[in-house]
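The values are calculated or read from the model by the stated rules, or taken from the named source; none is laboratory data. This is a predicted model, so every value here is computed, not measured. Ideal geometry is used to build each Cβ from the backbone, glycine not excepted, and the neighbour counts take in all protein chains shown.
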Amino acid sequence: MTHAISLTVNGQREAATVPGGMSLLELLRERLYLTGAKEGCGEGECGACTVLLDGKPVTACLVLAAEADGCEVRTIEGEAVDGKLSELQQAFVDAGAVQCGFCIPGMIMSARGLLLRNPNPTDEEIVEAVAGNLCRCTGYEAIIAAVRQVATAKDHDNG
Amino acid sequence: MDKNIEGLTYVGKPLSREDALVKVTGAAQFVHDLAFPGMLHAAMLTSPHSAARIVRIDTTRARDVAGVRAVLVGEDLDFRLGLYMRDKPILARGVVRYQGEPVAAVAAETADAADAACQRINVTYEPLSAVFDPREGVSDGACLVHENLHTYEYMEGVFLPKPHSNIAHHQKIRTGDVSQGMLDADVVAKESFYNPPVQHVPMETHAVIAQAFPDDRIEVHSSCQSPYTVRHLLSVCFEIPHQKIRVHVPYVGGGFGGKAGLHLEPLAICLSRAAGGRPVKLVASREQEFNTLPSRQGLYSTIEVGVTKDGIIKALKAQYIWDAGAYADYGVNIGRAAAYAGAGPYRVPNCWIDSYVVYTNKVFGTAYRGFGHLEVLWGIERIMEMVARRLEMDPLEFRLKNLLRQGDRTITGEPVTAGHGLPDQCLRAVAEAIGWGEPSREAKGSHRVRGKGLAVLHKAPAMPTFTSCSAIIKLDEDGAADILVSGVDYGQGTYTALRQIAAEELKIPVEKVHVTWECDTAFSPYDWQTVASRFAYMGGNAVIEAAQDCLRQIKSVAATALDTTPERIVCQGGRAFVSGQPDRAVKYEQLALGYTFENGNSIGGPVIGHGRYIAEGLTHLDLETGQGLPALFWTYGAHAVELEVDSETGDVEILKVVTALDAGKVLNPKTCRGQVVGGVVQGLGSALWEEFIFDEKGRLLNRSFVDYKIPTAKDIPRAIEPIFIETPEPGGPYGARGIAEHPMISVPSAVGNALRDALGIDFRELPLTAERIHRAIGARKEAR
């Protein structure tokens, strides 16, 4: 059973014929070569594959590609605009929030999802938003600080 | 290295990581992300039994699956692997020794076809009796996990396996007269402790892509920590020259020791060979990461310590029984290293330690951040607390009386010098920062209580005496510098430190220094392994030497160009000029490829510097006494923890962790802070939550993120405060020591001691889950 789907990924129209069992993560990584979203567990438990589906963070390993038909998907590759890092990405760099980096794309997309629905979240809301994204390197402190830095700015580039 | 550390431009500054940019954009490519034309996907079938004879394997139905290109079983692969102890097959041969052990593997056109084929392999097992508890495994008459241990090759003169037993290594430490020491003591305490096996949990599971070529060449892309050790072990395993093996290491998604040594590479190579030389990608599932790939060894400790009534340690006797699991190829060295550090950073004149690395029928252990030290220091720092309290002495004062200081000797006979660093300063610093001696503020809620705890730590790199590394620096046409090394930066930040060191030495802006990210054994110079907190130290020294080699070449050519002698050339700001005459100068870009005079005559040539470093003066430990010099350097440290515990539920909230390390010299405060915060949180995982749970048949029950919890953003302390003491290490680059593993060591001990303070209960087993605490509180109520 295959499905013909069309969707928007990082602002670009995409059409694909996908098997019924294909996940959105496989579609992104293996068909569209958007390998920023990672597979850390394949069970929706680690958050490394987080992308935005119609603006909401989802674990792409648990979403069927067919379910994304007609949707807008945003991945880490859509975060920088015209080669310029978003303020959120820059804050991650400056805060020392990156070590091995495997969790970072998913982490940034969870934070972006939060900022889209709540441009100025509290610390508790930041922690809540990234609590589903596992990181084994950083101890989270600098990640939270990076999101806080953007969240406390009055006008940030909440693209 | 004798360096002037005043007036530094880059070393010691909070530079951001260069690699952060490709990581925040998703552009960094990990092995998980790589694909090559014609690449096949592999899957492994693993054993459901922890001990069984393989009676028969029928692969017929697997080979019928469309797209299958190779099927392998253990009988096809007559190889044995191991860094220190060659005890591990590529696929189980004849017997399986742990549940989760790979038994067969398939390479197919798609991952789905490979998985489907694996499910159609029919294995007939005959279960065998097994041993799960290393305390039983160590005894005579226990069933043997490796019947042929006496035939295995191992690093002789360093390790001591006991033939026809489960003991892969017995490390002895003998100094002084421990019986007399105990007699001289006024108080003798003896306690037993336990650390469960736990997992490293790198966010990127082990992944490899391998291709075997017809002329015996092998090319491997691996998510590994140590490209040259992978190459060497493959060379030994397959009996092919090193030259024919090329190992690439792109970005690696965390390691923590679990990606040191050799793992899935040989299997992927064999599958590629069997599939006619197609590239084969093998990626561990998260379940396999828990259950097939190695973990941290469990430990049963029994420690006896004798002290005078004035609080002076007279003797310490310890037995460490390591739960190696089914293989100890790497684990033997944990039993060794943890033994020579096995009395803590204390002055112990009479010491007797037996450290046994014992095979059991469980998933096997390997290096994990801290390499045995978190485990032994759990017991050591708990019993020191208990002894101090029995003496009614302040645990801070007790520790300060006994900490190693200049003029003392370690338990292996190594003299402690001024360059060793200052554990007492670390301890005093954390005690002051946590408000030691001042009562905690009242907790909110009648059944919530607060407590504070201290613990000290030490660790030296655990590595062979001959460990070496090297660096190459190439100058570019524009005067920029490229550094080539084979240590891997899988998150620690070492490459950033190396950039800072090179910029400092070469006198060029740090923006013009780049560390080539992908390690490639065809181009990057040798490094032994990226383990043991030794890369910034050894790699830093190699980079200094490589930079000095560049400067020699620059000065030589500049001197001719400027009609002077090399001794009169000064390098600064990317220019070489005559001393005292800054206008008589040539720029590095005029020298990088060779200098050309106005008439066209040219001299010199490309500037390429080479630097190297080898650990000098280390000795093997005497097999009977453990005496010798095992440590390139020691890093000392201490933690203080304040916590709040719910005396009804046992739930713990960590309020504050203060960590002091004698770093020698902080090369980069931003990345060092990152190591401390990350390490402390990982240590809290070991302290509070993480443990492998096995059923009565040795099957791992919690092999997913649903059942095995690591700390999340919700679990971190309210505050983590790193403190760095800087007592220069004479051999370190700019006086620096390694600090990557240390933040994790003794975190459980400090938490345990804080719980003792809060509840008056002495815990001996990890992790300190709410359930364990709740039960202990309940048991105490009953006893009253």
* In region B:368-487, which strands (runs of 3 or more DSSP E) lie fully inside it and hold 3 or more residues that are buried (at least 24 other Cβ atoms within 10 Å of the Cβ) and of a type outside the set (D, E, K, R)? -> B:448-459, B:468-475
* What residue, among those in region B:746-784 that are under 29 Å from the mean Cα position of the chain (by Cα) and small (G, A, S), is surrounded by the fewest Cβ atoms within 10 Å (Cβ to Cβ)? -> B:A770
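Any chance region B:729-745 includes a residue that's surrounded by 19 or more Cβ atoms within 10 Å (Cβ to Cβ) and within 10 Å of another protein chain (Cβ to nearest Cβ)? Let's see the steps before the verdict.
Kept after step one, since they are surrounded by 19 or more Cβ atoms within 10 Å (Cβ to Cβ), are these residues of region B:729-745: B:729, B:731-745.
In the following step, the residues that additionally are within 10 Å of another protein chain (Cβ to nearest Cβ) were identified as B:743.
So far as region B:729-745 goes, yes, one or more of its residues are surrounded by 19 or more Cβ atoms within 10 Å (Cβ to Cβ) and within 10 Å of another protein chain (Cβ to nearest Cβ).
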* **Residue list for region B:357-401, filter: more than 30 Å from B:G255 (Cα to Cα) and either basic (K, R) or not assigned by TED's automatic domain parsing to the domain that holds B:A326 (or both)** => B:R389, B:R390, B:R399, B:K401
* Could you tell me whether any residue of region B:682-693 is away from every other protein chain (no Cβ under 14 Å), surrounded by fewer than 22 Cβ atoms within 10 Å (Cβ to Cβ) and aliphatic (A, V, I, L, M)? => yes
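Determine which member of the set B:D408, B:D424 is acidic (D, E) and more than 26 Å from the chain's Cα centre (by Cα).
B:D408 is the lone residue from the list that is acidic (D, E) and more than 26 Å from the chain's Cα centre (by Cα).
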* To do: Considering only region B:573-623, state which residues are outside any strand (DSSP E or B), charged (D, E, K, R) and at pLDDT 95 or above.
  => B:E589, B:E598, B:D622
* **Top-ranked residue in region B:694-723 [being within 11 Å of another protein chain (Cβ to nearest Cβ) and among the aliphatic types (A, V, I, L, M); ranked as nearest to B:Y98 (Cα to Cα)]** => B:V706
* Just one of B:A107, B:A113 is of a type in the set (G, A, S) and assigned to a strand (DSSP E or B); which is it? -> B:A107
* Kindly indicate whether any position in region B:77-87 is under 16 Å from B:L282 (Cα atoms) and either crowded, with 19+ Cβ neighbours inside 10 Å or touching a Phe, Trp or Tyr at 6+ places or on another chain (Cβ under 6 Å) (or both). => no
* **Selection count, region A:77-111, where residues are more than 14 Å from A:C135 (Cα to Cα), within 7 Å of chain B (Cβ to nearest Cβ) and among the aliphatic types (A, V, I, L, M)** => 3
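Taking the stated definitions as given, is B:M203 in contact with a Cys (Cβ under 6 Å, 6 or more places away or on another chain) and over 30 Å from B:Q243 (Cβ atoms)?
Yes; evaluated as a whole, the condition is true for this residue.
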* **Search result, residues across region B:492-538 that are surrounded by fewer than 24 Cβ atoms within 10 Å (Cβ to Cβ), assigned to a loop (DSSP other than H, G, I, E, B), modelled with pLDDT of 95 or more and of a type in the set (D, E, K, R)** => B:K507
* To do: Would you please name the residue that is nearest to the other protein chains (Cβ to nearest Cβ), looking only at residues in region B:8-67 that are basic (K, R) and out of contact with any Ser or Thr (no Cβ under 8 Å at 6 or more places or on another chain)?
  => B:K23
* Condition met for A:V58 (assigned to a helix (DSSP H, G or I), of a type in the set (A, V, I, L, M, F, W, C) and surrounded by fewer than 24 Cβ atoms within 10 Å (Cβ to Cβ)) -> no
* **Every residue from region B:109-129 that is exposed (fewer than 14 other Cβ atoms within 10 Å of the Cβ) and of a type in the set (G, A, S)** => B:S129
* Structure fact -> Scanning region A:114-159 for residues that are charged (D, E, K, R), assigned to a helix (DSSP H, G or I) and more than 14 Å from every other protein chain (Cβ to nearest Cβ) gives A:R117
* Asked: Do we have any residue at all in region A:16-27 that's more than 14 Å from chain B (Cβ to nearest Cβ), β-branched (V, I, T) and over 22 Å from A:N158 (Cβ atoms)?
  -> yes
* What do you reckon, is B:I544 part of a loop (DSSP other than H, G, I, E, B), among the β-branched types (V, I, T) and out of contact with any strand residue (DSSP E or B) (no Cβ under 6 Å at 6 or more places or on another chain)? -> no
* Filter region A:28-56 down to the residues that are among the basic types (K, R) and within 14 Å of chain B (Cβ to nearest Cβ), then identify the one that is nearest to A:L134 (Cα to Cα). => A:K38
* Can you find even one residue in region B:167-182 that is of a type in the set (A, V, I, L, M), outside the structural domain of B:R764 (by TED's automatic domain parsing) and in a loop (DSSP other than H, G, I, E, B)? -> no
* To do: Search region B:660-677 for residues that are on the phi < 0 side of the Ramachandran plot and away from chain A (no Cβ under 14 Å) and pair each with any residue that is small (G, A, S) and surrounded by fewer than 24 Cβ atoms within 10 Å (Cβ to Cβ) when their beta-carbon atoms are under 6 Å apart and the residues are at least 6 apart or on different chains.
  => B:A660/B:A429; B:K665/B:G735
* Structure fact -> Residue hits (region B:288-310; touching a strand residue (DSSP E or B) at 6+ places or on another chain (Cβ under 9 Å) and outside any strand (DSSP E or B)) are B:Q288, B:F290, B:N291, B:T292, B:P294, B:Q297, B:T308, B:K309
* Total residues in region A:57-70, condition away from chain B (no Cβ under 14 Å) and more than 9 Å from the chain's Cα centre (by Cα) -> 8
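Have a look at B:A42, B:A92, B:A70 and point out the one that is under 27 Å from the mean Cα position of the chain (by Cα), buried (at least 21 other Cβ atoms within 10 Å of the Cβ) and modelled with pLDDT of 95 or more.
On inspection, the qualifying residue turns out to be B:A92.
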* Restricting region B:245-280 to residues that are within 14 Å of another protein chain (Cβ to nearest Cβ) and outside any loop (DSSP other than H, G, I, E, B), the residue that is farthest from B:G331 (Cα to Cα) -> B:Y251
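Does B:E567 count as within 22 Å of the chain's Cα centre (by Cα) and farther than 21 Å from B:N668 by Cα?
Spelling it out, it is not the case that B:E567 is within 22 Å of the chain's Cα centre (by Cα) and farther than 21 Å from B:N668 by Cα.
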